[in-house]
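No lab work stands behind these numbers, since they all come straight from the coordinates. Since we're looking at a predicted model, the values are computed, not measured. Methodologically, a virtual Cβ is constructed for each residue, glycine included, from the backbone with ideal geometry; neighbour enumeration extends over all protein chains shown.
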Amino acid sequence: MERNITLENMINRKSVHHFKNATLSVDILEELKNSLFAMDKLFNSADFSATIVSASAMKRTFSIKAPYYLVLSSKKTPSHFMNIGFMVQQFDLYLNAIGLGGCWAGLAKPSSKVNQELLGGFVIAYAFGEPDASGSRTLEQYPRKNLSSIAEGQDHLDLIHYARLAPSPANRQPWYFVTSPSSIDIYRISNNFLKATAIDKLDQISIGVVAAHIHVAGYLENKPLTFDIKEVSHVEAILGYQYMLSAKINP
Ligand SMILES: Cc1cc2nc3c(=O)[nH]c(=O)nc-3n(C[C@H](O)[C@H](O)[C@H](O)COP(=O)(O)O)c2cc1C
C-alpha cells in the first residue's frame, strides 16, 4: 500500500467535482500511473489496464470537467469490477494524501479513438486533477447510513467505521457487513431486475471500493487482513443482499 495514506485521508476525503485548470507534468502523471499499479491487489492477480488521458479524449456529455481522466479497462473475470474498485479507491486516497483529488466518473466514456486502443473492454473512468476548493471535510459532514443499518455483529466496528465513509454511485452505499472475530463478510444490495445494467456494474465496483477502505484501515490499525470468497453455504443469508467476499482477519 502507498505509505502516504493515513486514516485521516479516509475521514477527510470527498469526491472532487471542480478542478483548477492546471496541468500536471508528464513526470507526475507517470508517477501517478505507477502508484496505481503499486497499490495492493484484492486477490493475487489484478489484470487490468489503465491509461491517463486529458479531457479532450473523453466524450463531451459528462458533467464533471476535470483536466485528467484515468480510463480503466479489463478482460472479463468474475472479480474484475471489484479489483478495479479496490485499486482505484486506494489511488483516490493517495491523491487526497498528496493534495490532489478526484471523483469516480461512472457515467463518463472515452472517445471512440481511445476506446479502440484499450486492452480489454472499457470499465470505468476516474476524473482527477488539482481541486479548485478544499478537497476535504470532517466526520460531521458525511451523509452516510447509520452503522446499525449496514452492519451486524460486534467485531471490527473500527474497520466498519471507515468502510461506512467509502464513496458509492449517487451515494447508494449498496453494502452490508456481517462481522465475527475472524472475518467481515461483505454483501451488496441485490439488483434482481437490473442485472447486467450499469447500476449492477457500478455496485460491484463499489464493493471493491468499500473493501479498499477496510483494507487500508486494517493495515493502518495493525490488523492485517486478506480477502477471499467463501462458499455461499458458509455465510449467513441476508434478505435483499447478495454475498460478495470476505475480509479474513489474520491473527
Ligand atoms: C463507482 C462510482 C461511480 C460514481 N460515478 C459518479 C458520476 O458519474 N458522477 C458523479 O458526480 N459522481 C460519481 N460518483 C461519486 C459519488 O456520487 C459520491 O462518491 C457520493 O455521492 C458520495 O460523496 P463523497 O464521495 O464526496 O463522499 C461515483 C462513485 C463511485 C464509487
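Going by a ≥ b ≥ c, the root eigenvalues of the Cα gyration tensor, does the chain fall in the rounded group (a/c under 1.5), the prolate group (a/b larger than b/c) or the oblate group? Intermediate results must be reported in sequence, preceding the final value.
Working: a/c = 1.69, a/b = 1.40, b/c = 1.21.
Note, shape of the chain comes out prolate.
Which of the peptides 16-27, 74-85, 237-248 is most tightly packed, and how do the rest follow, judged by the mean count of other Cβ atoms within 10 Å per residue? Mind dumping the intermediate values first?
Working: 16-27: 13.6, 74-85: 19.8, 237-248: 16.7.
My ranking of the peptides, most packed first, is 74-85, 237-248, 16-27.
Please get the size of the charge dipole for the chain, origin at its Cα centre, with Cβ charges of +1 on Lys and Arg and -1 on Asp and Glu, quoted in debye to the nearest 20. Don't jump to the answer; show the numbers that get you there.
On the way: 24 positive and 22 negative charges, 171 e Å.
Value, rounded to 20: 820 debye.
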Mean Cβ neighbour count within 10 Å, used as a protection proxy, ranking 205-212, 228-235, 98-105 highest first: 205-212, 98-105, 228-235
Gyration tensor verdict on the stretch 7-129 (Cα atoms; rounded if a/c is under 1.5, prolate if a/b is larger than b/c, oblate otherwise): oblate
Around I229: net Lys/Arg minus Asp/Glu count, Cβ-Cβ under 14 Å: 0
Cross-link reach list, lysines versus K201, counting only Cα pairs under 17 Å and skipping chain neighbours closer than eight places: K75, K76, K109
Rounded, prolate or oblate (a/c below 1.5 giving rounded, otherwise prolate when a/b exceeds b/c) for the stretch 54-199 by Cα gyration tensor: oblate
Helix runs (DSSP H) in the chain reaching 30 Å along axis by Cα, Kyte-Doolittle at least -1.0: 198-220
Proximal lysines relative to K223, as straight alpha-carbon distance under 23 Å, when same-chain residues fewer than 8 apart are discounted: K41, K248
Estimated inter-spin distance, S15 and Q154, nm [label 7 Å along Cα→Cβ]: 3.6 nm
GNM top mover of L139, L70, L95 - the chain, alpha-carbon springs below 10 Å: L139
